[in-house]
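Quick notes on the structure that follows.
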Amino acid sequence: MSVEQYQRSVNSLDKDIAALEKKKAEVDKKCAELSKKISSTEKSITPRTSASTTVSKLKQISSWESDRAKKSAESADLGKKIADKRQKRNDAYLKLQKAQQDEQKKQDRQMKNIQASYESRISQLQHLSIPSSVHRGSSNAGAMTEDAQYDVFVSHAWEDKESFADEFVEELRKLDLRVWYDTSQIKWGDSMRAKIDDGLKKSRFGVVILSPDYIKEGKYWTKAELDGLFQLESINGKMLLPVWHNLTKKEVMAYSPIIAGKLAMNTASMTPTEIAEEFAKLLEVEPQATVSANE
């Protein structure tokens, strides 16, 4: 059985137990009421009570005692059913826990396999031959290719444009930085693969906006861009600059320990303007002061 099936079984038994306990409480309450009536009637019989009244009351007491005995037997039967249900519930819960543990182990194995596959891919990229258009032997941060035209390539998920990417790119351009950004560089009818490859090759740095949408399964273009940046970084040195957007350290670690090991900017504590200024400092470009319309 699956975790969901075991969970449904436990939930069903919990409902059965609750219903039986409610019914037993009602039966026990009736037993208590009958006992109270019997006790009260017995006390009302005194030496002064007439014989006919005494006989009538004794008959009533006998009827109540018969009812109480039936209710007591019913209560005992309900108690036994409750005990049986609790035992079944305990057994089902133990099986549920084991199924959950097995499922967690399975997910952990899958995650390790995905991570191993991803790290293997990175290793393969790092051993690819170096393109002739790249200066060999350069160890400078963000070493430029012969055709470098952009200061930064912004890799992001489409879903993060409105919440961060668009504003971040706007702030970079306010600092007179040359930005490769898909909405500017890719036009209708262009080959996305060719344009992205060209943008990666001609950029000094790559800012990767890591988010839940960026790292989720099935994101072909974000993974392709990241693989390309890893390849270029293995050739040019420091190039890949991560920005964490709505992600935790644990989530980044699960996606890639290599990226998690890099110092990153975080949108939880920094604005797009502040992150753009930090990038400008990396290029040794002083942010331009904002001039008001009245000056």
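The numbers here are math on the coordinates, done by the rules we state, and not lab data. Bear in mind the structure is a predicted one, so any value in this text is a computation, not a measurement. Please note: Cβ atoms are built from the backbone with ideal geometry, for glycine as well, and neighbour counts cover all protein chains shown.
Values as computed for the structure displayed
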{"item": "Net lengthening on full extension, Q101/V55 (0.36 nm per residue, minus Cα-Cα)", "result": "9.7 nm"}
{"item": "Förster radius 45 Å - calculated FRET efficiency between K250 and D91 (Cβ-Cβ, nearest 0.05)", "result": "0.85"}
{"item": "Using a Förster distance of 41 Å, the FRET efficiency for E167-M111 (Cβ separation, nearest 0.05)", "result": "0.80"}
{"item": "Enclosed volume per residue, in Å³, of the convex hull spanned by Cα atoms of the stretch 3-124", "result": "87 Å³"}
{"item": "Distant-in-sequence amide H partners of N266 (H built 1.01 Å from N, under 5 Å)", "result": "W244"}
{"item": "Karplus (6.51, -1.76, 1.60) ³J(HN,Hα), θ = phi - 60°, over the stretch 62-69, in Hz, Gly and Pro reported as x", "result": "4, 5, 5, 5, 5, 5, 5, 5"}
{"item": "Under the Karplus curve 6.51 cos²θ - 1.76 cosθ + 1.60, θ = phi - 60°, whole-Hz ³J(HN,Hα) for the stretch 18-32, x wherever Gly or Pro sits", "result": "4, 5, 5, 5, 5, 5, 5, 4, 5, 5, 5, 5, 5, 4, 5"}
{"item": "Amide H contacts of L241 (H built 1.01 Å from N, under 5 Å, at least 5 apart or other chain)", "result": "G206, V207, V208"}
{"item": "Note, ³J(HN,Hα) from phi for the stretch 11-16, Karplus 6.51, -1.76, 1.60, rounded to Hz, x at Gly and Pro", "result": "4, 5, 5, 4, 5, 4"}
{"item": "Straight-distance crosslink candidates among lysines, where the alpha carbon sits under 28 Å from K112 and sequence neighbours closer than 8 are dropped", "result": "K95, K98, K216, K219, K223, K238, K249, K250, K262"}
